[in-house]
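Novice: Structure in structure tokens, see below.
The values are calculated or read from the model by the stated rules, or taken from the named source; none is laboratory data. Every value quoted in this text rests on a predicted model; they were computed, and no experiment measured them. Methodologically, a virtual Cβ is constructed for each residue, glycine included, from the backbone with ideal geometry; neighbour enumeration extends over all protein chains shown. Surface accessibility is based on the protein's heavy atoms, side chains included, excluding ligands, DNA and RNA. Shrake-Rupley method; radii C 1.70, N 1.55, O 1.52, S 1.80 Å.
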Amino acid sequence: MGDDFLSRYDPDPLRYYLTANMPESKDADWDWQEFLNRNNNELVATWGNLANRVLSFAFRNWDGTVPSPGELRAQDDEILATIEAGFDTVGEQINSVRLRAALFEALRLATETNRYLDNTAPWFEIKVDREAAAKSIYTALRAIDSLKVLFAPFLPFSSERLHTYLGYSQPLFGESFTESQSDSIGIHHVLRYRPGQACGTWTASQLPAGRALLQPAPLFRKLDESIVEEERARLG
């Protein structure tokens with residue numbers, strides 16, 4: 001099923017759905033309606049839209065750079081502390097192999113960042129107080145930069161693209177590859193990792209003001225309801 005799926009859809013929505021629906025305590029079935037709902041209502045609506053609207057707004061209003069925030073406000077420090085704590089909570093769940101809980105904790109933190117933006121509303125703030133809007137957008141970019149790492153174990157391809165949009169010149173990940181190994185049993189294909197120039201670490205963002213951003217694009221596609229019946233028909 002995997003190769004067939006990837007001929008029509010991107011890999012990260014598959015990884016997201018399988019992690020969110022994985023059978024940790026009971027059997028689970030693939031359901032196309034649930035896949036669509038999770039893609040559109042969680043992955044796109046909560047995380048993808050957050051990243052795209054903040055980066056697009058920053059790119060458009062601060063000449064393609066991370067705005068300089070000056071001294072941060074209490075609400076800015078509060079959301080950044082909340083996201084930073086996620087490196088412990090998400091990391092603990094991953095270490096305990098509670099992958100679904102880890103993914104949903106990262107999604108909860110994205111929801112908290114959306115709530116912060118609802119409260120600060122930089123899209124309106126900029127019309128009356130550009131300095132305040134700069135604080136809000138800088139803070140949101142820092143939060144997104146950290147969330148990128150928290151989501152990376154589950155959404156590596158979109159996290160790598162987001163890493164590039166945020167102006168990093170070195171990749172988030174190194175290279176995964178396979179090689180053949182022989183022993184007394186026979187020949188085995190072994191998964192290897194070459195770090196190369198990768199700069200990703202399990203730490204909160206220290207995104208510098210003034211860094212050049214790349215023109216962002218949406219991380220995920222919103223899927224049309226029609227795919228549910230189309231895919232069910234493929235199964236006969």
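Novice: Could you tell me which residue of segment 147-158 is nearest to residue 107 (Cα to Cα), considering only residues that are surrounded by fewer than 23 Cβ atoms within 10 Å (Cβ to Cβ) and not hydrophobic (A, V, I, L, M, F, W, C)?
Specialist: Among those residues, the one meeting the criterion is 153.
Novice: Can I ask one more? Quick one: count up the residues across segment 30-49 that are closer than 14 Å to residue 140 by Cβ and either hydrophobic (A, V, I, L, M, F, W, C) or not in a helix (DSSP H, G or I) (or both).
Specialist: Number satisfying all stated conditions: 1.
Novice: Answer with yes or no whether residue 206 is open to solvent by 90 Å² or more (accessible area, probe 1.4 Å), within 24 Å of residue 60 (Cα to Cα) and either at pLDDT 90 or above or assigned to a loop (DSSP other than H, G, I, E, B) (or both).
Specialist: Working: open to solvent by 90 Å² or more (accessible area, probe 1.4 Å): yes; within 24 Å of residue 60 (Cα to Cα): yes; either at pLDDT 90 or above or assigned to a loop (DSSP other than H, G, I, E, B) (or both): yes.
Yes.
Novice: What number of residues in segment 75-109 are among the aliphatic types (A, V, I, L, M), assigned to a helix (DSSP H, G or I) and surrounded by fewer than 15 Cβ atoms within 10 Å (Cβ to Cβ)?
Specialist: Summing the residues that are among the aliphatic types (A, V, I, L, M), assigned to a helix (DSSP H, G or I) and surrounded by fewer than 15 Cβ atoms within 10 Å (Cβ to Cβ) in segment 75-109 gives 2.
Novice: To continue, here is another question. How do the pairs read when you match residues in segment 6-21 that are closer than 18 Å to residue 159 by Cα and without any contact (Cβ under 8 Å) to a residue 24 or more places away in the chain with residues anywhere that are charged (D, E, K, R) and surrounded by 17 or more Cβ atoms within 10 Å (Cβ to Cβ), using Cβ under 8 Å and keeping only pairs 6 or more apart or on different chains?
Specialist: What qualifies is 17/38.
Novice: Determine the pairs where a residue that is farther than 19 Å from residue 55 by Cα, located within segment 157-180, has a partner that is in a helix (DSSP H, G or I) with Cβ atoms under 8 Å apart, the partner being 6 or more residues away or on another chain.
Specialist: 173/156; 173/160
Novice: Any chance segment 20-35 includes a residue that's at pLDDT 95 or above and either surrounded by fewer than 16 Cβ atoms within 10 Å (Cβ to Cβ) or not hydrophobic (A, V, I, L, M, F, W, C) (or both)?
Specialist: no
Novice: Separate question: For segment 215-236, name all the residues that are open to solvent by 80 Å² or more (accessible area, probe 1.4 Å) and either under 23 Å from the mean Cα position of the chain (by Cα) or under 19 Å from residue 154 (Cα atoms) (or both).
Specialist: Residues satisfying the conditions are 215, 218, 221, 222, 224.
Novice: Could I ask something else about it? Just the residues that are free of Cβ contacts under 8 Å to residues at least 24 places away in the same chain, touching a helix residue (DSSP H, G or I) at 6+ places or on another chain (Cβ under 9 Å) and part of a helix (DSSP H, G or I), please, taken from segment 50-74.
Specialist: Correct list: 53 only.
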